[in-house]
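Input: a single structure, listed below in structure tokens.
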Amino acid sequence: MTNFTFLPEPYRIKMVEPIHLLPPQERVEALRRAGYNPFSLRSSEVYIDLLTDSGTGAMSDRQWAALMMGDESYAGSSSFYQLESTAQELFGYQYIIPAHQGRGAEQVLFPQFIKPGQDVIGNMHFDTTMAHISLAGGIPVNLVHERAYDTQLEHPFKGDTDLDQLRSYIVKRGAENIAFCIITITCNSAGGQPVSMANIKAVSEICQEYGVLCFMDAARFAENAYFIKKREAGYAHQSIKSIIREMFSYTQAFTLSAKKDGLVNIGGLIGIKDNREWYEHTRSVLVPLEGFPTYGGMAGRDMAALAVGLQEVVTDEYLEARVYQIEYLATRLQAGGVPFQSPVGGHAVFLDAKKILPHIPFHQYPAQALCNEIYLEGGIRPVEIGSFLLGRDATGVQLESPLELVRLTIPRRVYTISHLEYVAAICTKVMQRASDIKGIKITYEPPVLRHFTARLEPLS
Ligand code: P70
């Protein structure tokens, strides 16, 4: 962990949204009603909501002002052209296509490239990305370096793809059986871990050598660029913008959930570097799925706010404060003896439930049990990233996740250091009674993406 001096948030509060902590007995009842699945809690039952950093951020006064200037024209909205030119300039891509959110972008782009039975390779696919690859008939394959699975191993870029594995996988499988490679920045499922520039470049070169297309899942592109600036030799004096330009120069297309580093509550983008044919085709697929190409599922005002968000997110001042909050929480958790994926990434601290609850086997969902205890202790809502999220194989057998993580996801510009102090104190208290915590079992589950709506019950 780096030594740091105290860094106050670079903003002040202009409007407040009250939050309330329910009394302990009401939290017990709320969790029971929610089927021991924090996704089913009402937000009014949550004191500090760390479920996700997606669409939960606070917009700036400049973004709210832009919202009022949104052009709601169905076709040719001036808000779209503002967004298009901002994104073209930022990413260095010729073609920008709006979508309602990241998975909207995925469902438009992916099926164009995937033939049934082909693989889609990458460092580590996020779960909606996996779902869209599978829906298009593809097979998602993760080739992240194995150090991502060791939560105590210090390495600056634990989101890197294993280059030896990448090469041997392409050779073994045959390039014709691979639809494309997609690099997820930052690597969410491994703990928001960044990918180095050297690795992005090398993945792109290997793909090029074998004729495999190389794309980016770019949800947290600015946080990734910040880590390159801070951790990778040769980038300390480069601007975030020029780092972003270089990162995207190595890929041919991207999907982007604007709900993260776009600093807006809803929105997404597809970027195509220079292939006119892909662009024309993508636009025609967009119309029935997401909408006309100058709105693609977004309101004019949301596109206007996103154009401003893309400018704010690339400032050093914003990114420094963003990453500082995560590091601050990590430092306080470390002081309380709570183990987590280290070093921390850009959007969350991922607690290591395997280490905290070694007595609970994966099929009793230790990370889900820990999420529930954190809610009961202090009204904080984390999310499970482990075997409960992973699900079952085709024969119905529960899969074992290599990592059992509890994600304390920090929304952008929403909470202050004092909220994070509280979060650390609550997690430390739960840690102290960890040996008394019991596993949990599923009582109802839907067949796909079960973690959103499943119901569970604590084991006695
Ligand atoms: C998250 C959310 C979304 C996401 C992502 C990457 C790398 C694409 C998408 C899809 C989803 C989530 C998870 C748990 C609780 C709530 C929400 N990630 N690629 O929090 O984008 O959501 O806009 O369709 O991380 O990590 P979109």
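The values are calculated or read from the model by the stated rules, or taken from the named source; none is laboratory data. Please read all numbers here as calculations on a predicted model, not as lab measurements. Using ideal geometry, Cβ is built from the backbone for each residue, glycine included, and neighbour counts are taken over all protein chains shown. Heavy atoms of the whole protein, side chains included, go into the accessibility calculation; ligands, DNA and RNA do not. Shrake-Rupley method; radii C 1.70, N 1.55, O 1.52, S 1.80 Å.
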**OP:** Please enumerate the residues belonging to region 310-321 that are crowded, with 23+ Cβ neighbours inside 10 Å and in contact with a Lys or Arg (Cβ under 9 Å, 6 or more places away or on another chain).
**Re:** 313
Original post:
Of everything in region 121-157 that's away from the ligand (no atom under 15 Å from the Cβ) and closer than 18 Å to residue 386 by Cβ, which residue is most open to solvent (accessible area, probe 1.4 Å)?
Top reply: 146
**OP:** Select from region 386-407 the residues that are of a type in the set (A, V, I, L, M) and open to solvent by less than 20 Å² (accessible area, probe 1.4 Å) and list them in ascending order.
**Re:** 403, 405, 406
Subject >> Checking residue 28 against (1) β-branched (Val, Ile, Thr); (2) in a helix (DSSP H, G or I); (3) within 16 Å of the ligand (Cβ to nearest atom), the condition it does not meet >> reply: (3)
**OP:** Confirm whether residue 105 is among the hydrophobic types (A, V, I, L, M, F, W, C), under 17 Å from the mean Cα position of the chain (by Cα), within 13 Å of the ligand (Cβ to nearest atom) and crowded, with 21+ Cβ neighbours inside 10 Å.
**Re:** yes
**OP:** Identify the single condition in (1) closer than 24 Å to residue 50 by Cβ; (2) crowded, with 24+ Cβ neighbours inside 10 Å that residue 328 does not satisfy, given that it satisfies every other one.
**Re:** (2)
**OP:** For residue 40, state whether it is out of contact with any helix residue (DSSP H, G or I) (no Cβ under 7 Å at 6 or more places or on another chain) and more than 15 Å from the ligand (Cβ to nearest atom).
**Re:** no
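Considering only residues that are aliphatic (A, V, I, L, M), over 30 Å from residue 313 (Cα atoms) and touching a residue at least 12 places away in the same chain (Cβ under 8 Å), which ones fall in region 343-390? Break it down into steps so the answer makes sense when it comes.
Taking region 343-390 and keeping what is aliphatic (A, V, I, L, M), we get 344, 348-349, 351, 353, 356-357, 360, 367, 369-370, 374, 376, 380, 383, 385, 389-390.
Still in the running and over 30 Å from residue 313 (Cα atoms): 353, 356-357, 360, 367, 369-370, 374, 376, 390.
Matches in region 343-390: 353, 356, 357, 360, 367, 369, 370, 374, 376.
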**OP:** Residue by residue through region 232-265, note down the ones that are over 15 Å from residue 316 (Cβ atoms) and part of a helix (DSSP H, G or I).
**Re:** 245, 246, 247, 248, 249
Original post:
Quick one: is residue 171 surrounded by fewer than 23 Cβ atoms within 10 Å (Cβ to Cβ) and either in contact with a strand residue (DSSP E or B) (Cβ under 8 Å, 6 or more places away or on another chain) or in contact (Cβ under 8 Å) with a residue 60 or more places away in the chain (or both)?
Top reply: no
Original post:
Looking at region 414-445, which of the residues that are touching a strand residue (DSSP E or B) at 6+ places or on another chain (Cβ under 8 Å) and among the basic types (Lys, Arg) is farthest from residue 37 (Cα to Cα)?
Top reply: 438
Subject >> Conditions (1) open to solvent by less than 60 Å² (accessible area, probe 1.4 Å); (2) of a type outside the set (A, V, I, L, M); (3) in a helix (DSSP H, G or I); (4) touching a residue at least 40 places away in the same chain (Cβ under 8 Å): number failed by residue 88 >> reply: (4)
**OP:** Look at region 208-232 and say how many of its residues are more than 22 Å from the chain's Cα centre (by Cα) and over 28 Å from residue 267 (Cβ atoms).
**Re:** 5
Original post:
Just a yes or no: is a residue in region 58-79 modelled with pLDDT under 95, in contact with a Gly (Cβ under 9 Å, 6 or more places away or on another chain), assigned to a loop (DSSP other than H, G, I, E, B) and open to solvent by less than 50 Å² (accessible area, probe 1.4 Å)?
Top reply: no
Subject >> The listed residue being open to solvent by less than 60 Å² (accessible area, probe 1.4 Å) and in contact with a His (Cβ under 6 Å, 6 or more places away or on another chain), out of 49, 53 >> reply: 53
Original post:
Restricting attention to region 394-412, does a residue exist that is part of a helix (DSSP H, G or I) and among the basic types (Lys, Arg)?
Top reply: no
